[in-house]
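Read the figures in this text as sums done on the coordinates, not as results from a lab. On a predicted model such as this, the values are computed, not experimentally measured, just so you know. Here the Cβ positions follow ideal geometry from the backbone for every residue, glycine too, while neighbour counts run over all protein chains shown.
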Amino acid sequence: MSPIALLPRPGVHPLLAGVFAFLAPAPPPVAGQSAVVDQGVYRIEVGGEEMGAERFSIRRAGILSDAVYIADAVMTVRSPEGREEARPLLRVRGSDEVPDGYQLKVSGARELEIRMNLAGPRFVSRFSSPRGREEREFRARRGTRILEAGVAHHHYFLRAVEEGDVVHVVVPRERRELELKVTSVTTEEISIGPTVVPARRVALEAPGEGRIVWFGRQGQVLRVEIPSRKWVAVRTDLTG
């Protein structure tokens, strides 16, 4: 498999050009329709110790049913095996924000490449690592979300959930699916750097695993906690 290649084409934002090149049969929107909906940096902590950072951007081209979101990041983290860099790249389409393409490239201590595409009622996935190659399928239900392990900004696509909702989630790197139920939605204040801002606090539960996500007024993800893993992602500021 070839590595991620974000190569510009005339009239198209470089990010969108590269993504559409390997994920989409459809022609890309023109550059004038592209806008950044969120970008910034998260500090990643495990067990209270800083382990790395996630620098991300989420772009949207088009509106309503024609909307296409491109979410990408560069993540540098330490793990027990050593230092690694991960580059997740996710495409989401339409007013229902259905994921239909995903790629992850990991270099360093644990090399891995994942490519996923929506094919009818399932995601067709290909995994490649020094140990070999593997193909796998995941269910694609209505409202399915891709939440990659250790990636905070993917939670942006949960910003509209309400208490009682159940979200079918695919975690590609861990090769698993789960059902996250929204158990509570409240409002509180949260500190982002030196600034205190109002936030929408959403608690989600699955068997043996819960997580809490704090959203800003515009849906931006301010903080994510997975208590069972002692994993926390904290937004460093609101300016990107």
*asked:* Output needed: percent of Cα pairs per 5 Å distance bin for the chain, bins running from 0 to the one holding the longest distance.
replied: 1, 6, 13, 18, 20, 19, 13, 7, 2, 0
*Dipole-positive endmost among VAL182, SER79, VAL98 within the chain (Cβ charges, Cα centre)*: VAL98
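With +1 on each Lys and Arg Cβ and -1 on each Asp and Glu Cβ, and nothing else charged, work out how big the dipole of the stretch 14-235 is about its Cα centre, in Debye to the nearest 20. If you can, show how the numbers build up before the last one.
Values: 34 positive and 30 negative charges, 77 e Å.
Roughly 360 debye, rounded to the nearest 20.
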*Principal axes of the stretch 178-240: Cα extent on each, largest first, Å*: 35, 21, 16
